[in-house]
Every structure is written in C-alpha cells, then in structure tokens.
Amino acid sequence: MSLLSSLIIAFSTYSRIPMPRTEWTEENRRFTFCFFPLVGIPIGIATILWLMLCSRLSIGPLLRGAVAAALPLLLTGGIHMDGFMDTCDALASWQPREKRLQILKDSHVGSFAVLGCVLYLLLMTGLLAECSLRDSLSLAVIYVLSRTLSAALSVFLPKARDGMLSSLSSGAAGNALRLSTVLYLLLCLLTLIFLAGIKTLLIAVVLLIFTLRYRHMAIHGFGGVTGDLAGWYLEVAELTAAAALILGGKLV
C-alpha cells in the first residue's frame, strides 16, 4: 500500500493530474522520489500528441513551439518553474549564502526571476519549434531523465535547510532509490540510443557537465540543495538536453 501511496504523492505533488487522496505519512511518502520520474511520461505523451496534431494540421512553428513549451507548465502547475525563478533571483543577487537562502524563501518575484522565465520560455519555444516528430520521442525520454537526475541529486546531496524537499527525502528508501535511479538511467539511455543515435552521447556529455556544475553551485553557493534549486536544475537540464538533441541533429 505504501508503494501506491508514494506514487499518488509523487503525482499529486509534482503534477496537476487528478489523483485520489492518501495520507501524507512518512511511510506513505517513503518511495515518492522513486516514482517522481514517471511524471515525465504524461508530459512527453502530451508533447508527442501535440506535435503530431501540428504536423497533421500544418500548424506553424511559432505556435507549435509555444504550446509545446507551455505543456510542462500546464501539467505540473509550474512548480519547477517557480523554483527556477526563485533561484534566478538568488543567483543574481550576488549575496552571501544566508541572504541567498532568504531570497529563495521570499514570496515576491524579482526582476531577474521574470527575465529568467521569459528567456527560458523564449529559448524553449525556439527549440521546440525546430523539433521533429522523431525528436519528440527522444524529448519525452528527456522529461523522464531530468526528473531521475533531479530526484537522485535532491536525496543524496546535502540539504541547505528543512523544507518540503527535506521532508520528502528524509524518509526516502535509499537502496530503493539507488536501484530505481540506475534502472531509469539505463532505460532512458538505451531508448535514447535507439531513437537519437549518436546524439545521445552529446546529451549525456552536456548533462554530465551541467550536473557537476550544479553540484558545485548548490554546495558552495547555498550550503546544499533546496526544493527551489531542484526545480532550477530540472528546468535547465531539460533546456540543455533539448538543445543538445535538436541542435545536435543539425551537426551530425
């Protein structure tokens, strides 16, 4: 029963997909991060269906890219973009660690958050306007891959403070998460090799470099990870991986 409850908590927390109610107990949320990557599946399916519709109706690239970029926000309620925006404000402040953590907690939206969000959506819209139907299958895998990495980093890196992320990860079953992470990574990489071929290597290299940079930034800039930083990581990981996939296709 705790597995099903963890699945429900994962989807009810990180998506706007209607789910049945369940008790928010430590036992029930134990495996939440094991199921978190599955939230990327409906996002990927929605993106594929939208691009198929665009192809069938000859919808132009601007509308195609804009709606495709908006779908993750609509299906997740913008929970990760909220963290991305808060982190943009904190990073742009160039303040000491304690002040940066205060900025993350501030409910007000700063100018750098707005600029970061606009720039992100412009770049993602442009990339997805160039996304082919075949690449959309690989993009769906990226939505799962980014959540796999975000979950693993959120649990195994030090926490900067107590919060929702700390609450969810404190009861995480470490061995189960390690096993699920390895399985997700293997499935994602094998699927990407089948769908994207040599571009998989470019995606892997880009994500590895970005992940190492994120680890350094989180630990030295904030004292560890927070829910906002995890959201920032997920959003940027998807953007960089999508760029490697779509732009990489023009190089190989």
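The single condition among (1) at pLDDT below 85; (2) within 21 Å of LEU234 (Cβ to Cβ); (3) among the acidic types (Asp, Glu) that GLU27 does not satisfy is (2).
If a residue has to be under 23 Å from LEU91 (Cβ atoms), in a helix (DSSP H, G or I) and aliphatic (A, V, I, L, M) to count, how many in region 224-252 make the cut? So the count comes out to 10.
Working only within region 57-96, note down all residues that are surrounded by 20 or more Cβ atoms within 10 Å (Cβ to Cβ), among the hydrophobic types (A, V, I, L, M, F, W, C), more than 25 Å from VAL141 (Cβ to Cβ) and touching a residue at least 60 places away in the same chain (Cβ under 8 Å). If the condition is that a residue be surrounded by 20 or more Cβ atoms within 10 Å (Cβ to Cβ), among the hydrophobic types (A, V, I, L, M, F, W, C), more than 25 Å from VAL141 (Cβ to Cβ) and touching a residue at least 60 places away in the same chain (Cβ under 8 Å), then CYS88, ALA90 are the ones that fit.
With the condition kept exactly as written, say whether any residue in region 102-118 is in contact (Cβ under 8 Å) with a residue 12 or more places away in the chain and within 22 Å of LEU207 (Cα to Cα). Scanning region 102-118 turns up at least one residue that is in contact (Cβ under 8 Å) with a residue 12 or more places away in the chain and within 22 Å of LEU207 (Cα to Cα). For beta carbons closer than 9 Å, sequence separation of 6+ or different chains, a first residue in region 189-205 that is touching a residue at least 12 places away in the same chain (Cβ under 8 Å) and a second that is assigned to a helix (DSSP H, G or I) and of a type in the set (Lys, Arg), the qualifying pairs are LEU192/LYS199; LEU195/ARG134; ALA196/ARG134. Return yes or no: is LEU137 in contact with a Phe, Trp or Tyr (Cβ under 9 Å, 6 or more places away or on another chain), in contact (Cβ under 8 Å) with a residue 60 or more places away in the chain and surrounded by fewer than 21 Cβ atoms within 10 Å (Cβ to Cβ)? Here the answer is no, as LEU137 does not meet what is asked. Of all residues in region 144-178, those satisfying the criterion of being among the small types (Gly, Ala, Ser), modelled with pLDDT under 80, touching a helix residue (DSSP H, G or I) at 6+ places or on another chain (Cβ under 8 Å) and not in a loop (DSSP other than H, G, I, E, B) are SER169, GLY174.
The values are calculated or read from the model by the stated rules, or taken from the named source; none is laboratory data. As the structure is a computational prediction, the values presented were derived from the model and not from experiment. Every residue, glycine as well, gets a Cβ built from its backbone with ideal geometry; the counts of neighbours run over all protein chains shown.
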